[in-house]
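Down below is the structure, laid out as structure tokens.
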Amino acid sequence: MRIDSVVDMGAGFVQRSRAEFEAILSAWLPIISRSSAFGIFGTADAAYYINEFLFRHGYEDVVYFSTNPQFPEIEGRSLRKIECDTVRDRDVIFTSSLSDSATQEDIIRHTGYSGTVLTLPDLKHLSVTMMQDSASNEQIMLLKNCHKNTPAFVIGNGASLLETDPRSIGIDAVTFAGNGIVRLEGFVPDYYFSLDYSALVHWSEEIFRLSSRKFFPSRLYEWVREEYAKDSTDNVFYPACYERKIDLDIDDWYEYGFETGHTIICPMLQMAAWMGCNPIYLIGVDLSHDVKGSYFTGHYHENIFAGYKNEQLTAFKSKLPRGILRSVEACRHKGVEVFNLAPTRNIQGVANLPFDDVI
């Protein structure tokens, strides 16, 4: 069933994707019992949508599974390692990958599970962020060119930040920062970004004390709203979020969301360009996440890569500079200049300028 057979093509991309996904899940309802114990393999947006769908239809016994779980639970549901004994207690397990559910089914079967696996078809044509708050799109549209031709600073959390203090940035520039920047006393960015649960687990109170306007990926919408409903909805945005997009075009941000490139630096670059900022300066972007003493403070947080294998770390580190450069090129395509002010000079393809000269 293709997307145009389900809903008016005039609807937004996320809404069209939701409609098709909903139709697929609804077709499975007649073959599952409300008394069944369910599992959902994966922790991406589609997995959250399956959980929300089951909840709406009265199915309560649900457990998430992951190959490398980072937290004990998600949205009140237990999160377990796929190889654990709990897998065999489930009557039905849903795959949640939109691009490779067949591989997910193979992993499930490899554990010795012999129950029912409901495997999604190839759904690469759908939005991967179906839990997106559609109201955020309207708010984000209002931000386009709101800082036209204003200099912007996109701020990482590397140790070099001690040499390029963002507190010295004047009020005539716009600042974008995220994650553990809340540990930098006396600094409040104009816009704060986070891509995953880890920031909210480690720094939640500090984050929501910030007066900054905040951006979280759509998959965190329910979690943030439940935990921090007191924060103004006009102050928090939940854009669509992709690890990598086929085409990275700043001007399609409103409809199709941003590309994360495995680091908050990427969406911050893209958002700065969307807001019309020019030029954009990078500081504190050291790309040395797994090295001891790699952050601007010793009180960042420990074990950020706990559970990762060496080959996973190597692959992750290789993706970061490529992702950043893709975002830089997208900015340049809009006529936005990007410079690196970090003394580390480690982003190939981005010209360096002395921080003191710019400030």
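The values are calculated or read from the model by the stated rules, or taken from the named source; none is laboratory data. These numbers come from a predicted model, not from an experiment. We place every Cβ from the backbone using ideal geometry, glycine too, and count neighbours over all the protein chains shown. Just the protein is used for accessible areas: all its heavy atoms, side chains included, with ligands, DNA and RNA removed. Shrake-Rupley method; radii C 1.70, N 1.55, O 1.52, S 1.80 Å.
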Practice prompt. Give the number of residues within region 200-214 that are outside any loop (DSSP other than H, G, I, E, B) and among the polar types (S, T, N, Q).
Written response: 1
Item to complete: Determine, yes or no, whether R80 is under 22 Å from L220 (Cβ atoms) and of a type in the set (K, R).
Response: yes
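Within region 156-172, which residues are in contact (Cβ under 8 Å) with a residue 40 or more places away in the chain and farther than 10 Å from F296 by Cβ? Show your work before the answer.
Here is the first cut: in region 156-172, the ones in contact (Cβ under 8 Å) with a residue 40 or more places away in the chain are 156-164, 166, 168-170.
Those that are in contact (Cβ under 8 Å) with a residue 40 or more places away in the chain and farther than 10 Å from F296 by Cβ: S168, I169, G170.
Select from region 69-97 the residues that are in a loop (DSSP other than H, G, I, E, B) and under 23 Å from V224 (Cβ atoms) and write down the one among them that is least open to solvent (accessible area, probe 1.4 Å). Talk me through it step by step, then tell me what you get.
First, pick out the residues of region 69-97 that are in a loop (DSSP other than H, G, I, E, B): 69-72, 75-76, 82-84, 90-91, 96-97.
If we keep only those that are under 23 Å from V224 (Cβ atoms) as well, we get 69-72, 75-76, 96.
Working: P69: 43, Q70: 89, F71: 51, P72: 105, E75: 54, G76: 61, S96: 7 Å².
Looking at the filtered set, the residue picked out is S96.
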Response to the item:
Only unsatisfied item for E185, checking (1) without any contact (Cβ under 8 Å) to a residue 12 or more places away in the chain; (2) in contact with a Cys (Cβ under 9 Å, 6 or more places away or on another chain), is (2)
Worksheet item: Within region 85-118, how many residues are aliphatic (A, V, I, L, M) and in contact (Cβ under 8 Å) with a residue 60 or more places away in the chain?
Response: 4
Worksheet item: What's the number of the condition G76 fails, among (1) in contact with a Ser or Thr (Cβ under 9 Å, 6 or more places away or on another chain); (2) of a type in the set (G, A, S); (3) within 26 Å of R34 (Cβ to Cβ)?
Response: (1)
Worksheet item: Since D234 meets every condition but one in (1) assigned to a helix (DSSP H, G or I); (2) modelled with pLDDT of 75 or more, which condition does it not meet?
Response: (2)
